[in-house]
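These notes are about the structure you will find just below.
The values are calculated or read from the model by the stated rules, or taken from the named source; none is laboratory data. Computed from a predicted structure; not experimentally measured. When we count neighbours, we look across all protein chains shown, and the Cβ atoms used for this are built from the backbone with ideal geometry, even at glycine.
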Amino acid sequence: MPELPEVETVKRTLNALVQGKTLSDVTVRLPRIIRRPDDIEAFRLMLKGHTIQAVERRGKFLRFLLDGLVLVSHLRMEGRYGMYRPEDPLNKHSHVIFHFTDGTELRYTDVRQFGTMDLFAEGEDLELPPLNKLGLEPLDPAFTPERFRTLLAGKPTKIKPLLLNQAYVVGIGNIYVDESLHRAGIHPETSAGALTAEQAERLHRAIVDTLSEAVEAGGSSVKSYVNGQGESGTFQQKLLIYGRKDGVCYTCGSPVEKSRVGGRGTHFCPNCQRLTP
């Protein structure tokens, strides 16, 4: 957490909050959040005076597009952004504060302190880590059934770890992989290369539909996630399989099982998602 739908929702709310605002200064209270440049004073001076043109998303990363610069931010497990006035009480976990010329502040808060920020000259960010080796965007028109089948072809890897691998398809974390595989009726341990054309097309449709519905619901707030305006998502109320161990499958009534696949807790229906030899 957060996954693609949550980051997409944060992106949308941030655009409404900060687009067109100009930075007067930046306060960094936890230097290790900033990975590039490695000089915090240089980070502050590079951003000072620049205007946020838009906020975009690449996989689970946010891209703040400024005039001539791109700030790449990863929320990791519990990072969040919020707008404040300077007089508002400062949370002890607010590690980076972006001060705007209109008197408002965008604060980055991260209890777990795992989030990262990298600042690039415009045009560099997509050519260098951490964005340069990311895979297909599942909500992009270029993510077609044909490209998805080509991606899976010949891969001996189990389908769940493959979908979690950001080098293949981006943004689909544990929640939405389980949901997509369940919708498609595919066991999470099925070899990716063993999927038939019909199964691959079914899974492609399930991924797109699941993520699209989750975005419209503002994401899933199964832990601490809120968007840039402090609002929780509601897609957790529609989850069919994830987190439902000891419950029953809504389709067939079989008990939902939980195992570990690729080192991740995995929910599935043993009847609807049978593992075939």
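Counting just the residues of region 3-26 that are within 19 Å of the chain's Cα centre (by Cα) and β-branched (Val, Ile, Thr), which one comes out surrounded by the fewest Cβ atoms within 10 Å (Cβ to Cβ)? Among them, the one singled out is Thr13. So, in region 157-196, how many residues would count as being in a helix (DSSP H, G or I), closer than 25 Å to Gln237 by Cβ and of a type outside the set (A, V, I, L, M, F, W, C)? Total meeting the criteria: 8.
When the test is whether a residue is closer than 16 Å to Leu14 by Cβ and of a type outside the set (S, T, N, Q), Ala54 passes it. Residues that are acidic (Asp, Glu) and closer than 23 Å to Gln166 by Cα within region 74-101 comprise just one, Glu78.
Going residue by residue through region 42-51, is there one that turns out to be polar (S, T, N, Q), in a strand (DSSP E or B), at negative phi and surrounded by fewer than 18 Cβ atoms within 10 Å (Cβ to Cβ)? Yes - at least one qualifying residue is present in region 42-51. Test Glu122 against the stated conditions and say whether it is in contact (Cβ under 8 Å) with a residue 40 or more places away in the chain and out of contact with any Cys (no Cβ under 6 Å at 6 or more places or on another chain). So Glu122 passes the test. Residues in region 140-156 that are in a loop (DSSP other than H, G, I, E, B) and touching a Gly at 6+ places or on another chain (Cβ under 8 Å) were compared, and the one that is surrounded by the most Cβ atoms within 10 Å (Cβ to Cβ) is Lys155. For the condition surrounded by fewer than 16 Cβ atoms within 10 Å (Cβ to Cβ), within 17 Å of Gln273 (Cβ to Cβ) and either acidic (Asp, Glu) or out of contact with any helix residue (DSSP H, G or I) (no Cβ under 9 Å at 6 or more places or on another chain) (or both), what is the one hit in Glu179, Glu198, Glu213? The match here is Glu198. Report yes if Leu106 is among the aliphatic types (A, V, I, L, M), in a loop (DSSP other than H, G, I, E, B) and touching a Lys or Arg at 6+ places or on another chain (Cβ under 9 Å), otherwise no. Taking the combined requirement at face value, the residue does not satisfy it. Contact map, region 39-65: residues that are at pLDDT 95 or above paired with residues that are buried (at least 16 other Cβ atoms within 10 Å of the Cβ) and among the small types (Gly, Ala, Ser), Cβ distance under 7 Å, separation 6+ or inter-chain. Pairs shown: Gly59/Gly171; Lys60/Gly171; Phe61/Ser73; Leu62/Ser73; Phe64/Ser73. Of everything in region 216-232 that's crowded, with 17+ Cβ neighbours inside 10 Å and of a type in the set (S, T, N, Q), which residue is modelled with the lowest pLDDT? Applying the filter and picking the extreme gives Asn227.
Yes/no per residue for (1) polar (S, T, N, Q); (2) under 26 Å from Glu213 (Cα atoms); (3) not in a loop (DSSP other than H, G, I, E, B):
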| position | (1), (2), (3) |
| --- | --- |
| Asn91 | yes, no, no |
| His95 | no, no, yes |
| His99 | no, no, yes |
| Lys133 | no, no, no |
| Pro138 | no, yes, no |
